[in-house]
Amino acid sequence: MPEQPPPRELRFDPETQRKRYLVDMFEKGLSDKRNTIGYHATSIESIQYLITKGHLPVAQFEEVNGEHDAGLPQQGDLYFVPRKSKFPDYNPDIVQFFPEEDRISTQMEVYAREIGSVHSFLTALNLTVGNSEYRDGAQTLVSGMHRYQAREFRELLHSLGISDEQIDQALVEAKKRHGVVLGLRSSLLKKYKVKDGDSGAGDLRINIPSGMDYRSISGIQTFGKHEHDFFLKMKQDLPR
């Protein structure tokens with residue numbers, strides 16, 4: 001007797017459709033230069049959120065209201081490293097900091113590793129990823145640099161009831177993460193206005209208050225075994 005296909009509601013529910021799309025983009029990689037305006041580094045934790053919600057988590061800036069000055073970071077800003085060829089008429093004073101396109105991959109790998117490890121660490125300890133103090137502290141611990149700041153952050157975590165054992169275990173897992181890079185579709189330029197990124201950083205930003213829709217991803221590249229295996233398992237678990 002031939003195997004029966006999964007129920008229609010399982011094959012076509014929103015999360016399954018998102019997973020299929022993400023698996024397709026993972027298998028495609030970042031090969032679609034024509035339809036890609038730039039690249040956004042993120043984490044498996046953000047991908048899991050995207051699968052559930054349909055869009056990336058919205059950037060949070062607790063200390064910045066932003067309404068009074070559009071030049072400041074805003075709630076919902078999506079930062080990305082642009083492909084220089086896609087912005088020929090952009091402000092030359094900003095463009096001079098854009099990386100050459102043959103070097104973007106190296107730069108994105110560094111960003112992805114940092115973000116992937118920090119998100120892993122904070123999520124493991126049930127800490128808010130959007131809190132800049134937590135992000136900076138996590139990066140200090142993961143990098144192994146700035147011992148004084150690292151000690152101060154450990155003391156902060158202790159005050160929250162988090163033990164050294166929990167911290168160290170979260171660090172072990174965080175250091176295994178290498179992050180994910182998303183290609184961003186050119187269609188985003190039809191919907192949103194591009195703004196300058198951080199001064200001298202060679203990036204740009206788009207404000208998407210509801211978070212970037214998963215269909216705006218033009219490709220996905222993983223940089224570590226954990227991330228690679230995550231997408232392989234997602235593919236294997238899809239209903240056929």
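Looking across region 134-150, the residues that are of a type outside the set (Val, Ile, Thr), within 19 Å of His178 (Cβ to Cβ) and at pLDDT 85 or above come down to Arg135, Ala138, Gln139, Leu141, Ser143.
Given the criteria in contact with an Asp or Glu (Cβ under 8 Å, 6 or more places away or on another chain) and at positive phi, does Gly179 qualify? It is true that Gly179 is in contact with an Asp or Glu (Cβ under 8 Å, 6 or more places away or on another chain) and at positive phi.
Do the conditions hold for Leu182, that is, is it closer than 21 Å to Gln221 by Cα, modelled with pLDDT of 95 or more and either open to solvent by less than 40 Å² (accessible area, probe 1.4 Å) or part of a strand (DSSP E or B) (or both)? Judged against the criteria, Leu182 is a match.
Residue by residue, here is whether (1) of a type in the set (Ser, Thr, Tyr); (2) modelled with pLDDT of 90 or more; (3) within 22 Å of His178 (Cα to Cα) holds:
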position	(1), (2), (3)
Ser31	yes, yes, yes
Gly38	no, yes, yes
Ser43	yes, yes, yes
Val58	no, no, yes
Asp69	no, no, no
Gln75	no, no, no
Leu78	no, yes, yes
Pro99	no, yes, yes
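Among the candidates Ile162, Ile206, Ile167, the residue that is assigned to a loop (DSSP other than H, G, I, E, B) and either under 21 Å from the mean Cα position of the chain (by Cα) or over 19 Å from Val110 (Cβ atoms) (or both) is uniquely Ile162.
Listed here are the residues, each with its yes/no results for (1) buried (at least 20 other Cβ atoms within 10 Å of the Cβ); (2) in contact with a Lys or Arg (Cβ under 6 Å, 6 or more places away or on another chain); (3) over 16 Å from Lys28 (Cβ atoms); (4) charged (D, E, K, R).
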| residue | (1), (2), (3), (4) |
| --- | --- |
| Arg177 | yes, no, yes, yes |
| Gly200 | no, no, yes, no |
| Asp203 | yes, no, yes, yes |
| Asp229 | no, no, yes, yes |
| Asp237 | no, no, yes, yes |
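Restricting Lys191, Lys233 to those that are modelled with pLDDT of 95 or more and either more than 30 Å from Asp93 (Cα to Cα) or among the charged types (D, E, K, R) (or both) reduces the list to Lys233.
Within region 185-196, residues that are in contact (Cβ under 8 Å) with a residue 40 or more places away in the chain reach partners that are hydroxyl-bearing (Ser, Thr, Tyr) and assigned to a strand (DSSP E or B) with beta carbons closer than 8 Å, at six or more positions or on different chains, in the pairs Arg185/Thr36; Arg185/Ser218; Ser186/Thr36; Ser186/Ser218.
Being of a type in the set (A, V, I, L, M) and at pLDDT 95 or above is the filter here; which residues of region 1-29 pass it? The answer is Leu22, Val23, Met25. Is it the case that Ser105 is of a type outside the set (A, V, I, L, M) and within 30 Å of Leu204 (Cα to Cα)? The answer is yes for Ser105. In region 122-133 there is no residue matching the filter, namely being assigned to a helix (DSSP H, G or I), surrounded by 13 or more Cβ atoms within 10 Å (Cβ to Cβ), aliphatic (A, V, I, L, M) and in contact (Cβ under 8 Å) with a residue 60 or more places away in the chain.
The values are calculated or read from the model by the stated rules, or taken from the named source; none is laboratory data. These figures come from a predicted structure and were not determined experimentally. Glycine also receives a Cβ, built like all others from the backbone with ideal geometry; neighbour counts cover every protein chain displayed. Heavy atoms of the whole protein, side chains included, go into the accessibility calculation; ligands, DNA and RNA do not. Shrake-Rupley method; radii C 1.70, N 1.55, O 1.52, S 1.80 Å.
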